[in-house]
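> I am attaching a structure below and will ask some questions about it afterwards.
Nothing in this text is a laboratory measurement; each read-out follows from the coordinates by a stated rule. Predicted model, so just to flag it, every value in this text is computed and none were measured. Every residue, glycine among them, receives a Cβ derived from its backbone with ideal geometry; neighbour counts consider all protein chains shown.
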Amino acid sequence: MGEIPVAIDETTERAGAAPSAGRREWVGLAVLLVPLLLVSMDVSVLYFAVPFIGRALEPTGTQQLWILDMYGFVLSGLLIVMGALGDRIGRRRLLLVGAGLFAGASLLAAYAHDAETLIAARALLGVGGAALMPSTLALIRTMFADPRQRGTAIAIWTAVMTGGISLGPILSGVLVEHFWWGSIFLINVPAMAILLILVPVFVPRHRGVAHGSFDLIGAVLSLGTLLPVVYGIKEIARSGAQTLPIASIGFGLIVGALFARRQLTAEHPLLDLELLRMRAFGGAVLANVMSMFAIVGFAIFTTQYLQSVLGMSPLRAALWSLVPSLAVAVATPVATVLARRIDRAWVMSGGFTVAIGGFAVPATARPHSSLGLLLGGAAVYAAGVVAVMTQVTEMAMGVAPADRAASASAVLESGSELGGALGMALLGTIGDAVYHRAMADAGPEGPARETLGGAQATAARLSGDAGRTLLDTARDAFCDGMNAAAIGAAVVMVIGAGYCVRFLRGVPVAGAGAGEATSALVDVPVADAPAADVPVDAR
């Protein structure tokens, strides 16, 4: 069937006459969910494979950390750059390039024979992921002009993204039990091959919009901002406030100031800072940072509680951790429906409020607390936070001009990365400080006073009651730290609930930020378009 390009003018959305998406667009959405699922899974897919990789490649301690972290570092550092590139060369084209790179890097990772090769492959995976993620959300912005349909599509996108992070450890655990460790990367290859075939058929072409020459200096400054900051925050979360990570954050902030100045003065900036000055967009980014702060920052406590306090195997703990996903599957569509009837600021505030109630459960958990009660609390706070994330994504993409959709998506996702890193650092620091204080007079100095894992290793070397007493004390101390971290997360949720009502109430969403027509072209089947053989303006 032949196709003609049709320019969709965003003023159509504001007039309430936005064209409805048909079957082709919904099939295209399903196709776009494939790379989103794989990219989000790769954030956590190594969790159970690390011991197998360690035996096969024998990495040093530093190399093992880079194997784990390289993907996330590169992904977060390149999101803004790739978003701007997608707006210029076309999002579908960048999506296809990213899919090819992701498949090639997956092959390299699967058959890596040394740690250095695996680290390089993980870096290339990060480059491919950075090309894929903003492209998927930006293409949804182009494909679904009707605000109601776009809200549903974004809700599905959010659910798949969060679900992928949860499924990563499960997939990893199953594969390494039945195959060799490289299989966790190899499964990406056929999925990306299918993507390369289906995207040109079902996903509309985006021509790209010329914004002048690409800001290479801005791209370098963007990397110089995000990489050191994310690295420093993660290192503080892992090892405490040491000189190198603090200096890294300071360096990143200085480069960030230079980046902001560059974006304000450059003729063709990489990032339109006017977007962040808009209440709907800047407010959505901040709300998203708070959401990710809580849910990502607290995840490590739930995982450790299941494994180290309740004594579950890693795979069993990962399977139990899927329980909250059931609540998320319900909360996402409910929040979308509510946002069509009432001001979405109230829906977001309600999501934060629900999360407060959820965090109240781990704030009182002890070593012998009910597993059902703990997972119920996790389900409640996960449902509340994801309800917020769904709405902030729709709010941000609804006001972003379509010709800047990939850049806007990249900023939103960079905020997610930053929020998660901050949550791990700050909530982790709170938990560690409380644990150290509780263990100050317990057992011998050394690993037992540093972490619960260290206490377990020490207790295993002690005989009789001494080992059991030390382990009981350490588990109590860990729960004290988890209680304090849950309170910290709840405080951020209180701030988020008040912020949404105070600053985002009454903010218009659909098309509010689009003052000009987009020159991006999308493919529309002839049967659904006006009978003409020339570009037609949808107005």
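> Taking only C-alpha pairs under 8 Å that are 6+ residues apart, what is the relative contact order of the chain in percent?
26 percent
> Ile217 to Ala247: FRET efficiency via 1/(1 + (r/R0)^6), r the Cβ-Cβ distance, R0 25 Å, to the nearest 0.05?
In this case the efficiency is close to 0.60.
> Suppose every Lys and Arg Cβ carries +1 and every Asp and Glu Cβ carries -1, with no other charges. What dipole size does the chain come out with about its Cα centre, to the nearest 20 debye?
660 debye
> Fewest Cβ neighbours within 10 Å first, please rank Thr265, Thr353, Thr336, Thr390 accordingly.
Listed from fewest to most nearby Cβ atoms, that is Thr265, Thr353, Thr336, Thr390.
> Using alpha-carbon pairs under 8 Å, 6+ residues apart, how would you state the relative contact order of the range 279-512 in percent?
The value is 36 percent.
> Mind listing the phi-derived Karplus ³J(HN,Hα) values for the range 287-304, rounded to whole Hz, using 6.51, -1.76 and 1.60 with θ = phi - 60°, and x for any glycine or proline?
My calculation for the range 287-304 gives 5, 5, 4, 5, 4, 5, 3, 6, 6, 7, x, 8, 4, 5, 5, 4, 4, 5 Hz in order.
> Arranged by the count of other C-beta atoms within 10 angstrom, fewest first, what order do Asp432, Asp42, Asp87, Asp114 take?
Fewest-to-most Cβ neighbours within 10 Å comes out as Asp114, Asp432, Asp42, Asp87.
> If the viscosity is 0.692 mPa s and the temperature 37 °C, what Stokes-Einstein diffusion coefficient in µm²/s follows for the chain when Rh is the Kirkwood radius over Cα pairs?
Translational diffusion coefficient: 137 µm²/s.
> Where does the charge balance sit around Leu94 when Lys and Arg score +1, Asp and Glu -1, over other residues with C-beta under 11 Å from its C-beta?
Net charge in that neighbourhood comes out at +3.
> Could you check the spin-label model distance between Leu196 and Ala329? Points 7 Å from the Cα along Cα→Cβ, value in nm.
Placing both labels 7 Å beyond Cα along the Cβ direction yields 3.3 nm.
> Report the convex hull volume per residue for the range 279-512, counting only C-alpha atoms, in Å³.
Hull volume normalised by residue count: 115 Å³.
> Next question, about the same structure. Could you list the trypsin sites (Lys or Arg not before Pro) in the range 297-352 that lie in coil according to DSSP, counting only those with at most 16 other Cβ atoms within 10 Å of their Cβ?
Arg340, Arg341
> Give me the net charge for the shell around Asp42: Cβ to Cβ below 13 angstrom, other residues only, Lys and Arg +1, Asp and Glu -1.
0
> Ranking request for peptides 410-421, 155-166: highest mean number of other beta-carbon atoms within 10 Å first, then the rest in descending order.
410-421, 155-166
> With point charges of +1 on the Cβ of Lys and Arg and -1 on the Cβ of Asp and Glu, referenced to the Cα centre of the chain, which listed residue (Leu315, Met192, Ala109) lies farthest in the positive direction of the dipole?
Most positive-ward Cα: Leu315.
> Sticking with the crude label model, points 7 Å out along Cα→Cβ, report the distance from Val501 to Leu186 in nm, one decimal please.
5.5 nm
> Over the Cα atoms of the range 454-509, compute the convex hull volume and normalise it per residue, giving Å³.
77 Å³
> Another question, if that's okay. Projected onto the charge dipole of the range 279-512 (+1 at Lys/Arg Cβ, -1 at Asp/Glu Cβ, origin at the Cα centre), which of Ser409, Met482, Ile342 gives the Cα projection farthest towards the positive end?
Value: Ile342.
> Hey, got a sec? Which chymotrypsin sites (Phe, Trp or Tyr not before Pro) in the range 227-290 land in a DSSP loop and have at most 11 other Cβ atoms within 10 Å?
Here no chymotrypsin sites (Phe, Trp or Tyr not before Pro) fit, given the DSSP loop and packing criteria.
> May I pose another question? Compute the normalised compactness of the range 327-427: alpha-carbon radius of gyration over 2.2 N^0.38 Å, N being the residue count.
Taking N as the residue count of the range 327-427, the ratio is 1.24.
> If you don't mind, another one. Along the Cα-to-Cβ line of His368, 7 Å from the Cα, sits a label point; which residues in the range 465-489 have backbone N less than 13 Å from it?
Answer for this model: 472, 476.
> Now a separate question. Please work out the Cα center distance from the range 467-508 to the range 406-441, rounded to the nearest Å.
11 Å
> Compute the relative contact order of the range 73-214 as a whole-number percentage, counting only Cα pairs closer than 8 Å that sit 6 or more residues apart in sequence.
Answer for the range 73-214 is 41 percent.
> Let me ask something else about it. In nm, to one decimal, how far is the modelled label at Ala260 from the one at Arg437, with both set 7 Å along Cα→Cβ?
With each label placed 7 Å out from Cα toward Cβ, I get 3.3 nm.
> Once the dipole of the chain is set up with Lys and Arg at +1 and Asp and Glu at -1 on Cβ about the Cα centre, which of Ser369, Ala459, Leu33 lies farthest towards its positive end?
The residue sitting most towards the positive pole is Ser369.
> Under the 0.36 nm per residue contour assumption, what length would be gained going from the current alpha-carbon distance of Glu116 and Glu177 to full extension?
19.5 nm
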